[in-house]
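For reference, the structure discussed in these notes is given below.
The values are calculated or read from the model by the stated rules, or taken from the named source; none is laboratory data. It should be emphasised that the depicted structure is a prediction, and the values quoted were computed from it without experimental measurement. Ideal geometry is used to build each Cβ from the backbone, glycine not excepted, and the neighbour counts take in all protein chains shown. Side chains included, ligands, DNA and RNA excluded: accessible areas come from the protein's heavy atoms. Shrake-Rupley method; radii C 1.70, N 1.55, O 1.52, S 1.80 Å.
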Amino acid sequence: MSLQLKSLFFILQLLALLISISSSDPNPQFPCQPPHFNSYLFCNTSLSITDRAQSLISLLTLEEKIHQLSNNASGIPRLGIPPYEWWSESLHGVASNGPGVNFNGYVKAATSFPQVLVTAASFNRTLWFKIGLAIGIEAKAMYNVGQAGLTFWAPNINIFRDPRWGRGQETPGEDPMVVSAFAIQFVKGFQGGSWRGSGELIDRFQRKRALGGYNDDESGDRLMNSACCKHFIAYDLEKWKNFSRYSFNAVVTKQDMEDTYEPPFRSCIQQGKASCLMCSYNAVNGVPACAQGDLLQKARSEWGFKGYITSDCDAVATVQEYQNYTRKADDAVALVLKAGMDINCGSYLIRHTRTTIEEGKLQDKDIDRALLNLFSVQLRLGLFDGDPKKGQFGELGPQNICTTEHKMLALEAARQGIVLLKNEKKFLPLNRNVVSSIAIIGPMANNISNMGGDYTGFPCDPKSFYEGLLGYVEKTSYASGCSDVPCDSDAGFNDAILTAKKADFVVVVAGLDLSQETEDHDRVSLLLPGKQMALVSSVAAASKRPIILVLTGGGPLDVSFAEGDRNLASILWVGYPGEAGGKALAEVIFGDFNPGGRLPMTWYPESFTKIAMNDMNMRANPFRGYPGRTYRFYTGNRVYGFGQGLSYTKFTYKLLSAPRTLSLSGSFTGTLTEKILHQRELDYIHVDELTSCDSLSFYVHISVANVGDMDGSHVVMLFSRAPKIFEGTPEKQLIAFDRVHTSSYGSTETSIIVNPCDHLSIVDKHGKRILPLGEHLLTLGDLEHSVSIVT
């Protein structure tokens, strides 16, 4: 859309925000309010969700229907329905980005957890669920006092495909299996679902059903909040050279779509039960994502999606105005609604839908289909159940936000996400009893404004890295060295060097902030910004002892210079660690917490920037000098690899049991049995030709021993290498992970279940999942175990 229209849209949104939420309302308006508006059928909780939604739709005029198709849905005063804002954000805490949230009332702050990429580095499913649940509780509490909606557009589950991507920080990394696992746990927690029957969240919905308050068939679909899997699909470019996210056409092979881009969304829907899907700005193979009827319908018909589909903001306008896919606005409107999109973030549908209907390009039933999905989600959220304070979670309020429990969880997440990348001669941890002075240097060292990365709200009690160290060493000094992260000048170097010379130990904080990577802004280099590299080297050369380098930001950095510098003893990646990052870093440096995080993405050398960012191919192609992407396919040099991370102690593995042979006999369809009889030798079997994959599952039992003198948690990562039966077979792929805590000189046993169809299969060039026959190599650290799959 034009810049003028885009600016107008945001001005209108801002005005609406200021008018509607200038202060929080302790008694917000709600639908079905007695005594005048509670007798409608859509207010009757004993009816099914579908019947209630259809009843509401039947009462609306065409104009009223159209005005529900925007994120800022209009109220319907004659039915007692107030306006509703669909757009709220909660990526790693309730955020201030969307107009549905404000911090101007009773609630002034919300817990700010580490940015998603840092949380992903913990490789801890339990932690992911707890964070989702904590954010969900705070979101619901803010709704109850009129400072938030119930529909939040998180998580971002796109693959961190290119290290330059400005929004890679928002994602759980580059591995589809890890991204899928994070999506499942976050969504379950945020929407108020149970987790493995753990009972961590009291099932209030079941209690209400027992009292006859809900229709028995659909009470299991009730939601505390609504989470949204975004951005569907193949979205991972903001602005690179002449390519923009608004007009970019992602050319994706069937093979890459099936094994890389689709899995997180499929898992988010099937196992996570997400109630929202957001279609992205970009086109996919020539068709705008929000007009991809085959993909949007696949989510519903094949994956069982039950929820609403929203566009990214102004993504319908971009169909016509940026991508020029349609000539007229009404064609774009008809296209996206018929494709299966339900609501537009923006005003485009409000302005153009009536004309589209009048010209016969759209029918009332197309609008009704979208409204059924929208109202069904609102009904599942209890929006039409009367006074929210008397409903499920109605007791939640400001007292449930920024709680001690949630702030401790933010601290634990930051601790677990910190990754130790280098530790020469066991330089860390420092003994606080022998550290009389310490200096911390760098433009991010005493800055709390960017600790959370993008999509951040107002943190409860943020502490800078400097403040964290000050809690351990009274004589802590600080110098910025650079005036800001771009570091265009070395004017502050002398002060930094002098500060370093006076201290016993020196910490340099370098890396990225939102001036380097964010929404609508990709990087062009993987090196430290500006003169930061010179600052690090100058301070390291001047320091009495080797220094500690702390790296901030989400995007991978080429810090090869630091890896080989003897004046630089240790490197820690903290990313965007959230409000508790300062304390967490200090605890790691002084050994009160043993780091166990692992990188959820590959760190490439600067030479990788020669690769076109718009090339969506995952697999390497040596004939055109293309090295591939992510640890599964990349064939070039690495600065640090996926899954890399050190500890202050040492762990060893022992494989207790795992099968040597897996026979598929008895698991074939009739067609496959006939094929085997007529063919002497097969290289692979199509997964859909196996009758029962679950029956083929097997356990790998592992013992993890801590052979060092410090307790610690360790991430167990089990990889597989499939037989290379065709070009494009992954170099290896992660099939399971677990985080286990092991005491010094103790051991912990863990069991991993392997489903061959899910974990040992690969995808052919036609996008079909196949199970190669022959030797599959399971790797666990330095251990290798071969499993032979036979017919």
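Excluding same-chain residues fewer than 8 positions from Lys389, which lysines have a Cα within less than 17 Å of its Cα? The qualifying lysines are Lys140, Lys208. For Gly340, the shell of other residues with beta-carbons less than 14 Å away shows a net charge of +1, using +1 for Lys and Arg and -1 for Asp and Glu. Here the ratio of the Cα radius of gyration of the range 552-709 to 2.2 N^0.38 Å is 1.53.
For the range 260-364, the percent of C-alpha pairs falling in each 5 Å distance bin, counted from 0 to the bin holding the largest distance, reads 2, 14, 24, 24, 17, 11, 6, 2, 0. DSSP finds beta bridges in the range 394-531, and of those with both partners inside it, around 10 percent are antiparallel.
Average accessible surface for the chain: 37 Å² per residue, computed with a 1.4 Å probe over protein heavy atoms with every protein chain in place.
Sorted largest first, the principal axis extents computed over the alpha-carbon atoms of the range 728-778 equal 49, 17, 16 Å.
Relative to one another, the C-alpha centroids of the range 418-452 and the range 365-402 are positioned 45 Å apart. When Tyr308, Tyr322, Tyr648 are compared by accessible surface with a 1.4 Å probe, the order from highest to lowest is Tyr322, Tyr648, Tyr308. Cβ-Cβ distance of Lys365 and Ser39, R₀ of 22 Å, FRET efficiency by 1/(1 + (r/R0)^6): the value works out to about 0.20. Summing +1 for each Lys or Arg and -1 for each Asp or Glu among the other residues whose beta-carbon sits under 15 angstrom from that of Asp782 gives +3. Here the chain exposes an accessible surface that is 50 percent carbon and sulfur, computed with a 1.4 Å probe and the other protein chains kept in place. With helices as the sole contributors, the chain gives -8000 deg cm²/dmol at 222 nm; each DSSP H run of n ≥ 4 counts as -39500 (n - 2.57), and the sum is divided by every residue. Helices of the chain meeting both criteria, an alpha-carbon length of 27 angstrom or more along the long axis and an average Kyte-Doolittle score not below -1.0, with helices taken as full DSSP H segments, are 125-144.
Summing Lys and Arg as +1 and Asp and Glu as -1 over all other residues whose Cβ lies under 11 Å from the Cβ of Ser537 gives a net charge of 0. Since only Leu420, Thr742, Tyr261 are under comparison, the one whose Cα sits farthest along the positive direction of the charge dipole of the chain, derived from C-beta charges on Lys, Arg, Asp and Glu, is Thr742.
For the range 155-186 versus the range 80-105, the inter-centroid distance based on Cα atoms is 23 Å. Placing unit charges on each Cβ (+1 for Lys and Arg, -1 for Asp and Glu) gives the range 315-436 a dipole about its Cα centre, and among Ala332, Gln320, Thr403 the Cα reaching farthest toward its positive end belongs to Thr403. Rounded to the nearest 5, the antiparallel percentage of DSSP beta bridges internal to the chain is 60%.
Note on exposure: Arg164, Arg769, Arg638, Arg739 ranked by accessible area (1.4 Å probe, complete protein assembly) read Arg638, Arg769, Arg739, Arg164, with the most exposed listed first. Over all pairs of different C-alpha atoms in the range 348-507, the reciprocal of the mean inverse distance, the Kirkwood hydrodynamic radius, equals 21.7 Å. Dividing the convex hull volume of the alpha carbon atoms of the range 525-586 by its residue count gives 88 Å³ per residue. Remark: the chain carries a charge dipole of roughly 640 debye about the Cα centre, counting +1 on each Lys and Arg Cβ and -1 on each Asp and Glu Cβ. Within the assembled protein chains, the solvent-accessible surface assigned to Ser786 is about 30 Å², based on a 1.4 Å probe.
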